[in-house]
Structure formats: structure tokens, C-alpha cells
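*Asks:* Got a structure for you, written out below as C-alpha cells; questions coming shortly.
The values are calculated or read from the model by the stated rules, or taken from the named source; none is laboratory data. Remember, predicted model here, so these are calculated numbers, not experimental data. Note that we place each Cβ from the backbone using ideal geometry, even for glycine, and neighbour counts take in every protein chain shown. What goes into the accessible areas is simple: the full protein's heavy atoms, side chains included, and nothing from ligands, DNA or RNA. Shrake-Rupley method; radii C 1.70, N 1.55, O 1.52, S 1.80 Å.
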Amino acid sequence: MSVLVLIDHDKGEVTEVARQAVTLGRSLADDLGTALSAVVIGEGGKVVQVGSVIDLLWRAGHPLLTDYAPGGWGETLVQLVAQEMPAAVVAPGTDRGNEVLAHLAALADLPMAANVAEVDTAEDVWHVVRLRWGGSLLEHAELSAAVRLLSAAPYAFPPASVEGEPPTVKEFEPSLDESHAVTRVVDRTTVDEGITLATAPLVVSGGRGVGGPDGFGPLEELAGLLGGAVGCSRVVTNNGWRPHSDQVGQTGTRVAPDVYIACGISGAIQHWVGMMASKNVIAINTDPEAPMVTKADYALIGDVGEVVPTLVDEIRRRRS
Amino acid sequence: MKVLVCVKRVPAPGARIVLTPDGRSIESAHLSFTTSPHEECAVEAAIQLKEAHGGSVTVLTLGPAEAEEQLRYAASVGVDEATLVPTDGGDIDPQATAAGLLAAIQAMEGEDGPFDLILFGNESADSGGFQVGIRVAHGLGRPVVSGIKGIDVGDDMVTARREIPGGFEVYRLPLPAVVAVKEGITLPRYPTLSGRLKSKKLEIRHHEVALAAGGMGMIRFESPPEQEVKTEIVADASAMADVLERLGVL
Ligand SMILES: Cc1cc2nc3c(=O)[nH]c(=O)nc-3n(C[C@H](O)[C@H](O)[C@H](O)COP(=O)(O)OP(=O)(O)OC[C@H]3O[C@@H](n4cnc5c(N)ncnc54)[C@H](O)[C@@H]3O)c2cc1C
Ligand SMILES: Nc1ncnc2c1ncn2[C@@H]1O[C@H](COP(=O)(O)O)[C@@H](O)[C@H]1O
């Protein structure tokens with residue numbers, strides 16, 4: 001028995017969310033008094049660096065796994081799980097992590113708990129706390145299975161260190177055929193994004209209160225002056241005022257800038273979960289009772305159509 | 001081509017989610033309900049495929065009788081047929097949900113022939129299990145890809161694009177296939193008056209399935225702790241510039 005964690009990596013470097021999943025895996029292994037193994041699937045897997053936090057590293061390779069293939073990765077896990085019978089398989093709560101784990105769950109007919117934030121292994125039936133509604137609601141659930149499948153909610157656990165003596169490495173060659181690689185990455189396209197919404201240090205975001213697509217002009221100016229990106233609410237994307245790539249929230253982009261300036265956004269919970277990790281929240285809103293105002297660090301009660309252009313002028317004046 | 005879309009009815013909470021006293025459901029007496037957003041975009045994608053290639057679009061949901069509201073909404077924007085797998089309205093775990101949908105799809109395909117494409121949302125808004133579509137695809141023995149923000153159909157293949165930092169991954173699956181999509185793949189249209197009227201007359205098929213609980217059972221919900229903040233009211237744009245200066249972004 002062991003605990004097995006799926007390692008996601010970017011060109012050999014273990015991603016931060018994967019290191020968070022390692023932290024969850026390590027704590028489960030410690031609770032159960034067992035070893036923590038990790039598995040890296042695919043060609044790039046040859047070079048990842050994991051530290052002493054992991055006891056055993058499986059490198060699973062196959063000629064069909066030259067690029068990401070969710071079903072092939074899932075089938076690889078099925079075969080490794082059948083051989084090792086771990087108490088649990090932990091994946092990062094990312095697009096890929098959840099996808100591969102769901103393939104394993106479907107193939108092995110096991111339950112799967114996505115985006116887990118806490119686990120209690122005291123009983124045979126584990127007690128898990130998982131995120132729903134993009135993180136605005138917690139679910140307590142019991143997980144009853146021979147092998148528990150869990151994805152670690154991003155940012156719910158500190159990232160494990162990849163320093164220290166590397167673990168023993170073992171090769172694992174799954175037996176796969178073409179059918180396992182029907183769904184695979186066949187091409188990649190790149191877009192030059194400049195400052196991206198997800199990583200910008202400052203976001204100027206607009207909601208219904210901005211009034212229409214033209215109302216975003218001053219917001220773009222403000223973002224430009226402050227070296228930030230423009231975001232928006234779902235009402236704005238639903239109205240076609242801005243592209244969906246600008247949407248912040250549960251079904252949009254998650255942001256965590258130093259400063260988030262919410263202009264004419266009411267602060268619905270599905271918007272809030274997308275920006276609550278911001279260090280400072282500034283609200284500009286006509287309604288002093290709006291949730292965005294009462295939850296913000298700083299609020300200016302006023303019309304965005306007047307406040308933002310005046311602010312832009314003021315910043316220009318101070319800089320000149 | 002024949003397209004099926006699996007949609008889920010979910011409440012639309014506003015500023016915060018309020019729970020019932022037993023903590024086992026969301027207090028929804030004063031809430032409106034909607035279709036989970038990723039799936040609303042999946043419905044629009046299906047209608048656009050029908051407009052481009054001909055054929056028909058069917059929606060399927062597993063939920064309480066009230067979920068007919070979401071099926072009729074889908075009909076009001078151009079969906080042709082709708083099926084409900086009725087439940088008592090409680091929280092259904094992902095394994096049971098997938099089994100129920102799979103049974104209904106197999107029955108529908110048994111009567112009317114296979115769907116070329118089955119669309120799901122990437123994750124349901126209220127549960128976020130990230131798995132129902134993948135389970136159903138394996139049950140049907142069809143290829144599946146999730147997290148998709150762009151699709152094209154041609155030559156019996158579906159080309160699907162997944163957004164990754166700095167670009168897209170491209171997948172190409174032979175039909176029949178299953179694709180789980182994300183909001184932003186399309187911009188959903190609003191219903192027309194004639195669409196609304198037509199949707200009132202839509203005959204909704206019911207497909208009864210006995211649901212067996214899966215291995216993950218919800219015990220109760222809990223609201224995450226809220227951070228106490230003291231909001232500083234800023235008088236005007238000039239005072240706001242001072243704040244930005246203090247925060248070191250000017
Ligand atoms: C499952 C689900 C997922 C969702 N996902 C998301 C998501 O990812 N992102 C998201 O944003 N929403 C999401 N929503 C929608 C969300 O519930 C809200 O409907 C939405 O965030 C509201 O957008 P808004 O604040 O722009 O509009 P409103 O709620 O209408 O608020 C407009 C605000 O502007 C203020 N205002 C009006 N005029 C002015 C003015 N001239 N100057 C200053 N202020 C003014 C008003 O006082 C009000 O506070 C989701 C909903 C559901 C059900
Ligand atoms: N009760 C349901 N009825 C119809 N489709 C559903 C239901 N639950 C989930 N789905 C579909 O499965 C997708 C993934 O759901 P989940 O695994 O719960 O995140 C959703 O986006 C829907 O397309």
C-alpha cells in the first residue's frame with residue numbers, strides 16, 4: 001500500500017499546483033504510515049526533478065504517449081494502480097489533473113472527489129471537504145472506495161519542496177494500443193498576449209455599471225497608465241461588450257493581483273470567487289450597499305462614467 | 001448531424017449562498033434557477049452546428065420536474081427535442097448522475113439512432129465534479145476531450161481547441177464523439193418571441209431510471225469563512241489617486 005500522486009510538469013519543471021498536490025499526498029501517506037510514490041507520464045517525464053518528499057518515482061513511458069493524451073494517461077494510471085493498489089491517487093486540481101483522474105475513475109468505476117481541501121483518513125470511509133461553486137461553498141462528503149481518487153484544490157495546500165535527495169526511479173511501461181491515443185494533442189497554436197489577465201499585477205474590471213462597450217475606453221486608459229489588464233463581469237460578456245477572455249469569476253479567469261479595481265460591479269459570489277485572492281480591492285460604485293463595496297478595502301461612491309476619466313486626468317497631471 | 005447536450009438546472013445565488021438549516025441544500029425559495037453556464041454555451045454551440053450542417057439538437061437533463069424550465073429555455077433558443085430523467089430533487093452524486101444519463105442516452109439512441117456529437121459542460125456550476133461527461137463517454141465507448149473552447153466539425157471529425165497559457169492545444173476526434181466545453185466557446189443568443197411560443201408546446205420526454213448511489217456521498221454543506229474587512233470610503237478621484245500612490249501603483 002502507498003499513496004500515489006500524479007505529477008504535472010511544464011518542460012520538466014514540476015508546476016506549483018502539482019507541488020501542492022504532493023503536499024496533500026505526503027500528508028495522507030504520513031497519516032497512513034505508508035510511502036508516497038509519484039508518477040510522471042509521457043516523454044517529458046524523463047527529466048522532472050522531485051525531491052526527498054517523494055519516496056519512489058514511477059516514470060511511465062510508451063511510444064503512443066509522445067504528447068498529452070487524456071485517455072492514454074488514464075489507462076496508464078489504471079494499470080499502475082492495479083499493480084500497486086495504492087490507498088489513494090492524488091492529482092492536481094487543474095484541467096489536466098481532473099481530466100486524467102476522471103478517466104481513471106470511469107475506467108476503474110471508482111468514485112472521484114474533485115478539488116479537495118481537507119481529508120480525514122481516520123476511518124475506512126474517508127471524510128473529505130471539497131470545493132463547490134468554484135470555491136464559494138464547501139461540501140463535506142464521505143468517500144468509500146478501495147482506492148480513493150482525489151484532486152487537490154489549487155492553493156489549498158502549500159507547495160512541497162522539490163529539493164533534497166531525489167527518490168528511487170522505476171520505469172513503468174503500460175500496455176497501450178492506438179485506441180488509447182485517439183484523443184491526443186495533435187497541434188498547438190500560440191497567441192501573443194502581452195499582459196495577461198491571469199498574471200497582471202493590477203486589474204481594472206468593469207461591470208454592468210460601465211454602461212456599454214464604449215464605457216470601457218476610460219477603463220483601458222486607466223489600466224494602461226497603471227500597467228494593468230482589463231477584466232469584466234459576466235453581464236458584460238453576456239451582452240457582448242467584451243470578449244469572454246476578459247471575464248473574471250467562477251466560469252471565467254481567476255485573478256490575484258496586488259490591486260483589483262471593480263468599476264460598476266455588484267460583487268455577486270460567482271464574480272467574487274474569481275478575484276477574492278486580490279491583495280487590495282477597490283470598488284467604484286453608485287450603490288454604497290453593493291456587496292463589492294462592503295467587501296472592498298477602499299470604496300468610492302460615485303458614477304464610473306465620471307470618476308474614472310477624472311482619475312485618469314489626475315494621474316496624468318501628477319505624472320507630468 | 002445529430003447533437004445531444006447534457007444540461008443541469010442550478011440555482012443562481014446572488015451576493016452569498018444561504019444554506020437550509022440542515023445544511024444539506026442551498027436555500028432556494030427566493031432564488032431563480034438557470035442552466036449551468038458552460039452548458040448554456042454548449043447549447044449555443046450545438047445550435048450553431050445545426051445551422052451550419054443541418055440536423056437536430058436534443059437536450060437532456062437529470063433533475064426534478066422543475067428542470068423542464070431549463071429544457072424549455074433551450075427549446076426557445078432553437079433546440080428541437082428534450083428529455084428529462086426525473087429525480088426527487090436531492091443532490092445526486094456524479095457516478096449516479098453519469099449512470100442515469102448513460103441509460104437515457106442508450107435508450108434514446110436505441111430508438112432513434114446514435115448522436116454524432118454529445119456535448120457536456122466542463123464542470124457543473126453547483127457540484128464541480130469534473131467527471132460526468134468522461135464517465136458517460138467511457139460508458140458509450142466513445143472518444144472524449146474536456147476543457148474545450150472551440151469546435152469545428154467536418155469529414156466525420158471534430159476538431160477541438162483547449163485554451164492553455166499562451167495559446168491553444170488542438171485535438172481531433174473521430175465522430176461519434178463526446179466533448180466537454182467551457183463558457184466562452186460561444187456567446188449564447190437570447191430567445192425570440194416565436195421561439196418562446198414554440199417552446200411552450202415542446203413535448204418533453206421522460207425517461208425513468210433507477211439511480212444507485214455511487215461511492216461519494218454528500219454529508220452537508222458549509223459556507224467558507226468570510227474575511228472581516230473595514231472598508232475605507234474614499235471621497236473623490238483625487239483621494240483615490242492618493243490611495244493608488246499609497247499602494248505603490250502610481
Ligand atoms: C453558475 C454561475 C456562474 C457565474 N459565473 C460568473 C463569473 O464567472 N463572473 C461573473 O462576473 N459573474 C458570474 N455569474 C453572474 C453573477 O451571478 C452576476 O450576475 C454578475 O457577476 C453581475 O455582473 P455585474 O456586477 O456587472 O452586474 P450587476 O449585478 O447588475 O451590478 C451592476 C453594479 O453596477 C452598479 N452601477 C450601476 N450604474 C453605475 C454607475 N453609473 N457607476 C457606478 N456603478 C454603477 C450597480 O450599483 C451595481 O452594483 C455567474 C452566475 C452563475 C449562476
Ligand atoms: N444532473 C445532470 N443532468 C444533465 N447533465 C448533467 C447533470 N450533472 C452533470 N451534467 C453534465 O456533466 C457535466 C459535468 O458535470 P460534473 O461532473 O458534475 O462537473 C456538466 O457540465 C453537465 O453537462
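*Asks:* Which residue is farthest from A:SER175 (Cα to Cα), if the candidates are limited to the range A:15-39 and must be touching a helix residue (DSSP H, G or I) at 6+ places or on another chain (Cβ under 8 Å) and buried (at least 20 other Cβ atoms within 10 Å of the Cβ)?
*Replies:* Across the range A:15-39, the extreme among qualifying residues is A:VAL17.
*Asks:* Could you list, in sequence order, all residues of the range B:26-37 that are surrounded by fewer than 21 Cβ atoms within 10 Å (Cβ to Cβ), assigned to a strand (DSSP E or B) and either within 16 Å of ligand 2 (Cβ to nearest atom) or away from chain A (no Cβ under 14 Å) (or both)?
*Replies:* B:ILE26, B:PHE33, B:THR34
*Asks:* I need every pair where a residue in the range A:144-171 that is in contact (Cβ under 8 Å) with a residue 24 or more places away in the chain has its Cβ under 6 Å from the Cβ of a residue that is among the aromatic types (Phe, Trp, Tyr) and outside any loop (DSSP other than H, G, I, E, B), sequence separation at least 6 or different chains.
*Replies:* Every condition considered, the pairs that remain are A:ARG148/A:TRP126; A:LYS170/A:TRP58.
*Asks:* Check A:ALA82 against each of (1) farther than 22 Å from B:ASP93 by Cα; (2) without any contact (Cβ under 8 Å) to a residue 60 or more places away in the chain; (3) not in a helix (DSSP H, G or I) and name the one condition it does not meet.
*Replies:* Of (1) farther than 22 Å from B:ASP93 by Cα; (2) without any contact (Cβ under 8 Å) to a residue 60 or more places away in the chain; (3) not in a helix (DSSP H, G or I), only one is false for A:ALA82: (3).
*Asks:* OK, next. Looking for whichever is within 14 Å of another protein chain (Cβ to nearest Cβ), open to solvent by less than 60 Å² (accessible area, probe 1.4 Å) and touching a strand residue (DSSP E or B) at 6+ places or on another chain (Cβ under 6 Å) here; the options are B:VAL136, B:VAL170. Which one fits?
*Replies:* Answer to the selection: B:VAL170.
*Asks:* Of all the residues that make up the range A:253-276, how many are within 11 Å of chain B (Cβ to nearest Cβ) and either within 16 Å of ligand 2 (Cβ to nearest atom) or among the hydrophobic types (A, V, I, L, M, F, W, C) (or both)?
*Replies:* Residues flagged as within 11 Å of chain B (Cβ to nearest Cβ) and either within 16 Å of ligand 2 (Cβ to nearest atom) or among the hydrophobic types (A, V, I, L, M, F, W, C) (or both) within the range A:253-276 amount to 8.
*Asks:* For A:ASN280, work out the one condition from (1) within 11 Å of ligand 1 (Cβ to nearest atom); (2) surrounded by fewer than 20 Cβ atoms within 10 Å (Cβ to Cβ); (3) more than 23 Å from B:GLY128 (Cβ to Cβ) it doesn't fulfil.
*Replies:* With (1) within 11 Å of ligand 1 (Cβ to nearest atom); (2) surrounded by fewer than 20 Cβ atoms within 10 Å (Cβ to Cβ); (3) more than 23 Å from B:GLY128 (Cβ to Cβ) applied to A:ASN280, the lone miss is (1).
To keep it simple, each residue is scored yes or no on (1) within 7 Å of another protein chain (Cβ to nearest Cβ); (2) within 24 Å of the chain's Cα centre (by Cα); (3) surrounded by 19 or more Cβ atoms within 10 Å (Cβ to Cβ).
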position: A:ALA102; (1), (2), (3): yes, yes, yes
position: A:ALA114; (1), (2), (3): yes, yes, yes
position: A:GLU163; (1), (2), (3): no, yes, no
position: A:GLU173; (1), (2), (3): no, no, no
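*Asks:* Let me ask something else. With the condition kept exactly as written, say whether any residue in the range B:38-57 is at pLDDT 95 or above, more than 11 Å from ligand 2 (Cβ to nearest atom) and among the β-branched types (Val, Ile, Thr).
*Replies:* yes
*Asks:* Filtering the range A:228-254 down to residues that are near ligand 1 (Cβ under 9 Å from one of its atoms) and assigned to a loop (DSSP other than H, G, I, E, B), which residue is surrounded by the most Cβ atoms within 10 Å (Cβ to Cβ)?
*Replies:* Here the answer is A:SER233.
*Asks:* Residues of the range B:194-212 being out of contact with any strand residue (DSSP E or B) (no Cβ under 8 Å at 6 or more places or on another chain), open to solvent by 90 Å² or more (accessible area, probe 1.4 Å) and not charged (D, E, K, R), which ones?
*Replies:* Selection gives B:LEU197, B:ALA210.
*Asks:* Yes or no: A:SER205 away from ligand 2 (no atom under 16 Å from the Cβ) and either within 13 Å of another protein chain (Cβ to nearest Cβ) or among the basic types (Lys, Arg) (or both)?
*Replies:* no
*Asks:* For the range B:112-131, which residues satisfy the criterion of being facing another protein chain (nearest Cβ under 10 Å) and either more than 16 Å from ligand 1 (Cβ to nearest atom) or more than 28 Å from A:LEU131 (Cβ to Cβ) (or both)?
*Replies:* B:GLN131
*Asks:* Only one of B:GLY110, B:GLY23, B:GLY90, B:GLY14 is open to solvent by less than 20 Å² (accessible area, probe 1.4 Å), farther than 24 Å from B:LYS201 by Cα and not polar (S, T, N, Q); which?
*Replies:* The unique qualifying residue is B:GLY23.
*Asks:* Further question on the same structure: Just checking, which of B:LEU62, B:LEU49, B:LEU19 is more than 16 Å from ligand 1 (Cβ to nearest atom) and touching a helix residue (DSSP H, G or I) at 6+ places or on another chain (Cβ under 8 Å)?
*Replies:* From the options B:LEU62, B:LEU49, B:LEU19, the qualifying one is B:LEU62.
*Asks:* Which ones in the range A:106-140 are under 20 Å from A:PRO70 (Cβ atoms) and either among the aromatic types (Phe, Trp, Tyr) or out of contact with any Lys or Arg (no Cβ under 7 Å at 6 or more places or on another chain) (or both)?
*Replies:* A:LEU107, A:ALA108, A:ASP109, A:LEU110, A:PRO111, A:MET112
*Asks:* Still on this structure: When you look at A:LEU225, is it at the interface with chain B (Cβ under 10 Å from one of its Cβ atoms), modelled with pLDDT of 95 or more and not in a loop (DSSP other than H, G, I, E, B), yes or no?
*Replies:* yes
*Asks:* OK, next. Check whether at least one residue in the range B:68-82 is in a helix (DSSP H, G or I), open to solvent by 30 Å² or more (accessible area, probe 1.4 Å) and free of Cβ contacts under 8 Å to residues at least 60 places away in the same chain, and report yes or no.
*Replies:* No, the range B:68-82 has no match at all.
*Asks:* Same structure, new question: Would you mind stating whether B:SER36 is polar (S, T, N, Q) and under 18 Å from B:GLU109 (Cβ atoms)?
*Replies:* Taking the combined requirement at face value, the residue does not satisfy it.
*Asks:* Would you check which residues across the range A:299-320 are open to solvent by less than 20 Å² (accessible area, probe 1.4 Å) and either assigned to a strand (DSSP E or B) or more than 7 Å from every other protein chain (Cβ to nearest Cβ) (or both) and list them?
*Replies:* Within the range A:299-320, A:ALA299, A:LEU300, A:GLY302, A:VAL304, A:VAL308, A:VAL312 meet the criteria.
*Asks:* Output the number of residues of the range A:255-275 satisfying the condition of being in a loop (DSSP other than H, G, I, E, B) and over 20 Å from A:ILE195 (Cα atoms).
*Replies:* Residues that pass the stated criteria total 5.
*Asks:* Exactly one condition in (1) part of a loop (DSSP other than H, G, I, E, B); (2) open to solvent by 20 Å² or more (accessible area, probe 1.4 Å); (3) within 10 Å of ligand 2 (Cβ to nearest atom) is not met by B:ALA125; state its number.
*Replies:* Unmet for B:ALA125, out of (1) part of a loop (DSSP other than H, G, I, E, B); (2) open to solvent by 20 Å² or more (accessible area, probe 1.4 Å); (3) within 10 Å of ligand 2 (Cβ to nearest atom): (2).
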